[in-house]
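Visitor: Have a look at this one.
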Amino acid sequence: MSHPRKDIDTLIHSPVRFSLLAALRNLEDVDFRFLADLLEVSDSTLSQALTVLSEADLVSVRKEAVGRRTRTWVRITKVGREAFEQHLATLQAIVEAGTQTSRGEEKPDDTPAPA
Amino acid sequence: MPDKKFSVDDATRLVAVGEKAEADARRAVRWFRVFVVMQAVYALAFTVSIDVAGVDYWKAFAPFLLVTLCIWMIALQHRQSAPRHGLRNMGIAVATWFALYTLMLDPALQLFSASSPWWWVLAGMVSVTPILACVFASSRR
């Protein structure tokens, strides 16, 4: 059985992209501005992350004209939700594997002392 | 994929980051449901106060209008975190509630000389259902 780190999805492994998908996971269409404020990232950083994720069909980005302004709505896709959950499971498996290893190292040495 | 260093601490940290982002997002949009329920409750209270409690129309309308304006002002301040078409649908729902109750249900009950106050309570509850429907994401698709 291979180590879980080999299942890491490099596309969503970045903290910004991972947080973005985590935030979108249980929401409907979300406003771009709201996302930038929530994740505490600049517009350009968020825009880059959305471009990468939308090209991989993990999120859908929709622009809507509201008067003279354009509002951008972001939604996670079904593929994106599955990819995120898979990646989250991988991370949790890594944590679990690490916890088991450290428990094995902490186990007291119960071999009898030499006479 | 190059085998970069990725420790258990990094994984733990990333999981925590994801959980925080998810929790923050949920918390930030929770206000919309509260807004919808408050609007529905006040709408129902308005109709019940007039037709069941017998309060003067304008004496009931004034506090209802004041509360409605207040919660809408707060909603507009947080509109960036409102669901797409959420506020628009709420506006339509409030107008529908008003028309449904004032122009259809209330006259119908008077026409049929409904005597029990429960009919007006039922009419009030039926007429706020368009507002309550705004809680559900399916109302915006």
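The values are calculated or read from the model by the stated rules, or taken from the named source; none is laboratory data. Just so it is clear, the structure is predicted and the values come from calculations on it, not from any experiment. Note that each Cβ is placed from the backbone with ideal geometry, even for glycine, and that neighbours are counted across all protein chains shown. Protein only, heavy atoms only, side chains kept; ligands, DNA and RNA dropped before computing areas. Shrake-Rupley method; radii C 1.70, N 1.55, O 1.52, S 1.80 Å.
Visitor: I'd like the residue in the stretch A:59-74 that is away from every other protein chain (no Cβ under 12 Å) and of a type in the set (A, V, I, L, M, F, W, C) and, out of all such residues, is surrounded by the fewest Cβ atoms within 10 Å (Cβ to Cβ).
Guide: In this case the residue turns out to be A:65.
Visitor: Only one of (1) in a helix (DSSP H, G or I); (2) away from chain B (no Cβ under 13 Å); (3) surrounded by 12 or more Cβ atoms within 10 Å (Cβ to Cβ) is not met by residue A:44, so which one is it?
Guide: (3)
Visitor: How many residues are of a type in the set (Ser, Thr, Tyr) and without any contact (Cβ under 8 Å) to a residue 12 or more places away in the chain when one looks only at the stretch A:48-73?
Guide: The qualifying residues number 3.
Visitor: Shifting gears a bit: Checking the conditions here, which among A:34, A:18 is at pLDDT below 95, open to solvent by less than 50 Å² (accessible area, probe 1.4 Å), at the interface with chain B (Cβ under 10 Å from one of its Cβ atoms) and under 15 Å from the mean Cα position of the chain (by Cα)?
Guide: Answer to the selection: A:18.
Visitor: For the stretch B:111-140, give me the residue count where each residue is assigned to a helix (DSSP H, G or I), modelled with pLDDT of 90 or more and either polar (S, T, N, Q) or within 12 Å of the chain's Cα centre (by Cα) (or both).
Guide: Total meeting the criteria: 6.
Visitor: Here are some residues: A:62, A:71, A:75. Which one is in a strand (DSSP E or B), closer than 26 Å to residue B:77 by Cα and within 16 Å of the chain's Cα centre (by Cα)?
Guide: Unique residue meeting the criteria: A:75.
Visitor: How do the pairs read when you match residues in the stretch A:74-97 that are modelled with pLDDT of 90 or more with residues anywhere that are open to solvent by 50 Å² or more (accessible area, probe 1.4 Å) and β-branched (Val, Ile, Thr), using Cβ under 7 Å and keeping only pairs 6 or more apart or on different chains?
Guide: Hits for this filter: A:74/A:61.
Visitor: Scan the helices (runs of 4 or more DSSP H) fully inside the stretch B:1-107 and keep the ones with 3 or more residues being open to solvent by 30 Å² or more (accessible area, probe 1.4 Å), within 14 Å of chain A (Cβ to nearest Cβ) and closer than 23 Å to residue B:132 by Cβ.
Guide: The qualifying helices (runs of 4 or more DSSP H) are B:8-51.
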